[in-house]
Amino acid sequence: MENLELLKQWVSESDNIVFFGGAGVSTESGIPDFRSVDGLYNQQYDYPPETILSHTFYRRNTDEFYRFYRNKMLCLDAKPNAAHLKLAQWEREGSLKAVVTQNIDGLHQAAGSEKVYELHGSVLRNFCESCHKFYDVHYIADSEGVPKCTCGGDIKPDVVLYEEGLDQNTLTGAIRAISEADVLIVGGTSLAVYPAAGLLDYYNGNKLVLVNKTPTARDGIADLVVQGSIGEIFSQLD
């Protein structure tokens, strides 16, 4: 596969790789993409996922939000796949400078990556809305209804809901990493969700690689497109 060989060459020659990933990186670890509305959603929930995962819905229907959230967003048995592990290896070896992710599952860190910009937050972090006390994901998973802090306040996941803005420090760090990258590998994302998809516009290099099972909205601007399973492709890289 000619494109894969060129990707291998670019990776081997670079000491400034940045990876930008979306839901497709996690689906290969068994985490469902919540946008793919299946029969379960239709049977169990009266609203589409995008509605339930909005700031407005969280405020107005917090109980129902948490019913969906525990059932669909907490995949605590998921393990890092070949892509997560390869990226962590590259970081240890010094060639990968950062991971920018739209995922909220913490699998990059579980694989050993340390420089991770989580654009949409993480299910692993939860805070009381009143006193800001920290709670881990197991506290949320094991609670019922709206999880409460010892102070009596509601606990909210540290995830960016629809209608909420991205964390500015995270966004600034991600933009800096992407703008300084030699090779930018974008994987497992359709590049349809903004503002995250717009981050590609900050890349200044000439080695933009898109790795995805299906064509994306930005294939036309890529320097290299490798189509296929991201886990299988990354397992073939050095």
Which members of the range 218-238 meet the condition of being touching a Ser or Thr at 6+ places or on another chain (Cβ under 8 Å) and not in a loop (DSSP other than H, G, I, E, B)? GLN227
Of the residues in the range 205-217, those that are out of contact with any Asp or Glu (no Cβ under 8 Å at 6 or more places or on another chain) and part of a loop (DSSP other than H, G, I, E, B) come to LYS213, THR214, PRO215, THR216, ALA217
Restricting the range 88-104 to residues that are of a type outside the set (A, V, I, L, M) and assigned to a helix (DSSP H, G or I), which is least open to solvent (accessible area, probe 1.4 Å)? TRP90
What are the pairs, 6+ residues apart or on separate chains, where a residue within the range 225-238 that is more than 18 Å from SER14 (Cα to Cα) has its Cβ under 6 Å from a residue that is assigned to a loop (DSSP other than H, G, I, E, B)? ILE230/GLY188; GLY231/GLU28; GLY231/ASN81
Counting only residues that are part of a loop (DSSP other than H, G, I, E, B), open to solvent by 30 Å² or more (accessible area, probe 1.4 Å) and more than 16 Å from THR62 (Cβ to Cβ), the range 105-148 contains a total of 9
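Just the residues that are open to solvent by 40 Å² or more (accessible area, probe 1.4 Å) and either touching a strand residue (DSSP E or B) at 6+ places or on another chain (Cβ under 9 Å) or charged (D, E, K, R) (or both), please, taken from the range 48-74.
First, the residues of the range 48-74 that are open to solvent by 40 Å² or more (accessible area, probe 1.4 Å): 48, 50-51, 55-56, 59-61, 63-64, 67, 70-71.
Across the range 48-74, the qualifying residues are GLU50, THR51, HIS55, THR56, ARG59, ARG60, ASP63, GLU64, ARG67, ARG70.
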Please verify whether the range 189-201 includes one or more residues that are over 23 Å from GLU50 (Cβ atoms), in contact (Cβ under 8 Å) with a residue 12 or more places away in the chain and either part of a helix (DSSP H, G or I) or open to solvent by less than 80 Å² (accessible area, probe 1.4 Å) (or both). no
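For the range 58-83, which residues satisfy the criterion of being charged (D, E, K, R) and either within 19 Å of the chain's Cα centre (by Cα) or in a loop (DSSP other than H, G, I, E, B) (or both)? Steps first, answer last, please.
First, pick out the residues of the range 58-83 that are charged (D, E, K, R): 59-60, 63-64, 67, 70, 72, 77, 79.
Within the range 58-83, ARG70, LYS72, ASP77, LYS79 qualify.
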Among (1) over 19 Å from VAL226 (Cβ atoms); (2) at pLDDT 95 or above; (3) not in a helix (DSSP H, G or I), ASP46 falls short only on (2)
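The values are calculated or read from the model by the stated rules, or taken from the named source; none is laboratory data. Every value quoted in this text rests on a predicted model; they were computed, and no experiment measured them. A quick note on method: Cβ atoms are made from the backbone with ideal geometry, for glycine too, and the neighbour counts reach across all protein chains shown. These area figures cover heavy atoms from the full protein model, side chains too; ligands, DNA and RNA do not enter into them. Shrake-Rupley method; radii C 1.70, N 1.55, O 1.52, S 1.80 Å.
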